[in-house]
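Chemist: Provided herewith is a single structure, encoded as structure tokens, for subsequent inquiry.
Values in this text are rule-based calculations from the coordinates and carry no lab data. Given the structure is predicted, the values throughout are model-derived calculations rather than measurements. Reconstructed Cβ throughout: ideal geometry from the backbone, glycine too, with neighbour counts over all protein chains shown.
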Amino acid sequence: MQETSFYSKKELLQLGFKSIGTRNLQISRFARFYGIDKMTIGNNVRIDDFAILSGNITLGNHVHIGAYSALYGKFGIEMEDFTGISPRTTVFSATDDFSGDYLISPMVPEKYTNVTGGKVIIQKFSQIGAGTIIMPSLTIEEGVTVGAMSFIRKNLIAWHIYAGIPAKKIKPRQKKCIELANFFISSDNNA
């Protein structure tokens with residue numbers, strides 16, 4: 001009988017991740033992983049119930065993936081330290097060609113489809129609001145926050161707050177979180 005809804009350290013090591021941290025991992029037994037051998041997870045990471053992670057994914061330290069979120073990493077997704085995505089957020093690193101010139105389905109041979117995309121990078125101290133959709137081939141620069149239910153289709157500039165469909169710059173964001181993170185890491189030894 002399982003004692004917790006999170007995997008134990010021993011169980012996580014047996015799942016087959018490319019690399020996984022050793023400290024403070026709270027990964028739900030109800031999360032799903034596809035292509036787990038391509039995934040790297042740091043320390044102090046929490047992945048909530050019903051999250052889906054697929055493909056080439058790298059999670060740094062102090063990362064949170066909210067419930068019902070999906071990360072589709074065919075061309076790569078990287079979340080750096082102190083980042084998070086709120087519930088029901090979807091990150092796409094690939095997209096189908098919807099022009100009508102190709103078929104659209106993972107159940108069709110590749111020669112009949114035109115899947116394109118590129119890596120999605122979410123840099124340090126960035127937080128993505130609930131229900132947001134992130135498209136392929138972009139960088140969310142350091143310190144960005146994105147309001148709930150936004151649509152991100154291009155790079156977002158560091159240390160600003162964005163929201164909307166498509167996401168637009170609202171105002172600058174403060175940088176005190178850098179000091180807090182440095183204090184937290186040095187005082188609690190939670191790197």
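Chemist: Taking the options Thr116, Thr145, name whichever one is closer than 16 Å to Thr95 by Cα, of a type outside the set (A, V, I, L, M, F, W, C) and in contact with a strand residue (DSSP E or B) (Cβ under 9 Å, 6 or more places away or on another chain). Can you show your working first?
Modeler: Values: Thr145 fails: closer than 16 Å to Thr95 by Cα.
So the residue among Thr116, Thr145 that is closer than 16 Å to Thr95 by Cα, of a type outside the set (A, V, I, L, M, F, W, C) and in contact with a strand residue (DSSP E or B) (Cβ under 9 Å, 6 or more places away or on another chain) is Thr116.
Chemist: Every residue in segment 143-169 that is in a loop (DSSP other than H, G, I, E, B), surrounded by fewer than 19 Cβ atoms within 10 Å (Cβ to Cβ) and either among the β-branched types (Val, Ile, Thr) or in contact with a Lys or Arg (Cβ under 6 Å, 6 or more places away or on another chain) (or both), please.
Modeler: If the condition is that a residue be in a loop (DSSP other than H, G, I, E, B), surrounded by fewer than 19 Cβ atoms within 10 Å (Cβ to Cβ) and either among the β-branched types (Val, Ile, Thr) or in contact with a Lys or Arg (Cβ under 6 Å, 6 or more places away or on another chain) (or both), then Ile157, Trp159, Ile165, Pro166 are the ones that fit.
Chemist: Here's something else I'd like to know. Go through (1) outside any loop (DSSP other than H, G, I, E, B); (2) closer than 24 Å to Arg32 by Cα; (3) not aliphatic (A, V, I, L, M) and name the single condition Pro106 misses.
Modeler: That leaves (1) as the condition not met.
Chemist: Could you tell me which residue of segment 57-70 is nearest to the chain's Cα centre (by Cα), considering only residues that are surrounded by fewer than 19 Cβ atoms within 10 Å (Cβ to Cβ) and at negative phi? Even if it seems obvious, please write down each step before you answer.
Modeler: Step one: of segment 57-70, the residues surrounded by fewer than 19 Cβ atoms within 10 Å (Cβ to Cβ) are 67-68, 70.
Filter once more, so that each one left must be at negative phi: 67, 70.
Values: Ala67: 12, Ala70: 8 Å.
Among those that are surrounded by fewer than 19 Cβ atoms within 10 Å (Cβ to Cβ) and at negative phi, it is Ala70.
Chemist: Continuing with the same structure: List pairs: first in segment 119-133 and within 15 Å of Leu71 (Cα to Cα), second among the aliphatic types (A, V, I, L, M) and in a loop (DSSP other than H, G, I, E, B), Cβ under 6 Å, 6+ apart or cross-chain?
Modeler: Listed by first residue and then by second, the contacts come to Gly129/Ala148; Ala130/Ala148; Gly131/Ala148; Gly131/Met149.
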